[in-house]
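Student: Shown below is the structure under consideration.
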Amino acid sequence: MLYHIYVLIRLNDRMMNLGQIIDVKGIVEKRKEALKLKIDKLNDRNIVPKLAVILASFDEASKIYVGKKKRLCEEFKILQEEYIYDENVTEDELLNLIDKLNNDDTVDGILIQLPLFKHLDEKKILNYIKPTKDVDGFHPVNLGNLVAGSKGIVSCTPKGIITILEDIGEDIKGKNAVVIGRSVIVGKSIAHLLLNKDATVTICHSKTKNLEYYTKNADILVVAVGIPKFIKSDIIKEGSVVIDVGINRVDGKVVGDVDTEDVLEKVKYVTSVPGGVGITTVLSLIENVADVASLR
Ligand code: NAP
């Protein structure tokens, strides 16, 4: 009997102390409402935003992402042009297409789905997009604006992460933010966004020594590594906010870089995978297209 009471108290304690999985779906719904209003206003000005999507690879994940983007474009009545190529496409063909789209005033955003076929120079092709139409925010001009803290197009995943932190009311100013991963599209970009919002930012990577020294001091921990369940509760700070960017496929299931169940009793907030950062990324893209269109 006494033992049962003890177990109940312990269970109750654990439930009381559990952190929260952030309701990213709810956040996305709110952003969708705001976006709908923005697009209605554009339509009132006879502007229908248009996105051009270029797919030049047989990558299965890319096809899934392109499908998701297409469905969201339909939901928001954004026009979409798709350019799909096989492995015979040449760099010149793509550059000519981008040139045409750069000069087409009815096209607001150009998106090149990565990765491209191996024989194509990704950097050269991405850098050919007019920076004002680079809705992915990968062009050096947009990255430069991010580093300088100036206005520009912000890449989609980092933009989504900031909206999550803002929505849960996390005051970023003065916080210790640790980002694990230094890719341009996630790690470096989110690090600069956090820095621009006055966090004290540390970027960790595969050569970082004593990773847990940094993670244990992180008020905000962003994990973009690509290793399933890489982060567990023993190396995070009590009461922290953990943002899991990872998308990994394990035994046919999608899992993140954070062991969500394990960290839950230590964090204040954590995002889940699936249903976390990923669903904000595509929406950020559509928002970027609408923002570019509003400058027409
Ligand atoms: P990436 O380019 O492969 O970068 C991974 C980073 O992790 C690198 O900087 C690497 O360090 C670092 N790393 C690897 N092993 C490490 C270790 N043991 N300790 C510390 N750091 C380590 O990947 P990415 O494009 O940034 O993507 C990361 C993850 O996010 C992937 O799972 C990807 O699928 C996912 N993702 C999700 C979204 C979304 O919308 N949710 C968007 C983009 C990416 P080095 O630089 O030293 O190699």
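Student: For the range 47-138, build the charge dipole from Cβ charges (+1 Lys, Arg; -1 Asp, Glu) around the Cα centre, then report which of VAL107, THR90, PHE117 sits farthest towards its positive end.
Tutor: Result: VAL107, furthest along the dipole toward the positive end.
Student: Further question on the same structure: Among the listed pairs LYS188/LYS232; LYS77/LYS253; LYS30/LYS133; LYS25/LYS124; LYS68/LYS118; LYS36/LYS266, give every one whose C-alpha distance is greater than 27 Å.
Tutor: On the way: LYS188/LYS232 23 Å; LYS77/LYS253 32 Å; LYS30/LYS133 25 Å; LYS25/LYS124 36 Å; LYS68/LYS118 24 Å; LYS36/LYS266 37 Å.
From LYS188/LYS232; LYS77/LYS253; LYS30/LYS133; LYS25/LYS124; LYS68/LYS118; LYS36/LYS266, over 27 Å: LYS77/LYS253; LYS25/LYS124; LYS36/LYS266.
Student: If you roll a 1.4 Å probe over the heavy atoms of the protein chains, what accessible area per residue do you get for the chain, in Å²? Spell out each step's value before the answer.
Tutor: Working: 15480 Å² over 296 residues.
Using a 1.4 Å probe on heavy atoms only, each residue of the chain averages 52 Å².
Student: Report the longest stretch of the chain that contains none of the GluC sites (Glu not before Pro) sitting in a DSSP loop with at most 12 other Cβ atoms within 10 Å.
Tutor: Numbers: sites that count: GLU87, GLU238.
The segment 88-237 is the longest one with no such site.
Student: While we're looking at this one, here's another question. Towards the positive end of the charge dipole of the chain, with charges on Cβ (+1 Lys, Arg; -1 Asp, Glu), say which of ILE39, VAL258, ILE286 has the farthest Cα.
Tutor: Positive-end residue among those listed: VAL258.
Student: How much space per residue, in cubic angstrom, does the convex hull of the C-alpha atoms of the range 47-138 take up?
Tutor: Values: hull volume 7.9 nm³, N = 92.
So the per-residue hull volume is 85 Å³.
Student: Only bridges whose two residues both fall in the range 154-278 count here: according to DSSP, what percent of them are antiparallel, nearest 5?
Tutor: Details: 3 of 19 bridges.
Among the beta bridges of the range 154-278, antiparallel pairing accounts for roughly 15 percent.
Student: If you don't mind, there's one more thing I want to ask. Quantify, in whole percent, the carbon and sulfur part of the accessible surface of the chain (1.4 Å probe; protein heavy atoms only).
Tutor: Details: 8410 of 15480 Å².
The nonpolar share, carbon plus sulfur, comes to 54 percent.
Student: Nearest 20 debye, what's the magnitude of the dipole of the chain about its Cα centre given +1 on Lys and Arg Cβ and -1 on Asp and Glu Cβ?
Tutor: Details: 41 positive and 43 negative charges, 125 e Å.
The dipole magnitude comes to about 600 debye.
The values are calculated or read from the model by the stated rules, or taken from the named source; none is laboratory data. In this text the structure is predicted, and so the values were computed from the model without any measurement. Neighbour counts run over all protein chains shown; Cβ positions are idealised from the backbone, glycine included. The protein model used for the area step is the full one, side chains on, heavy atoms only, and it has no ligands, DNA or RNA in it. Shrake-Rupley method; radii C 1.70, N 1.55, O 1.52, S 1.80 Å.
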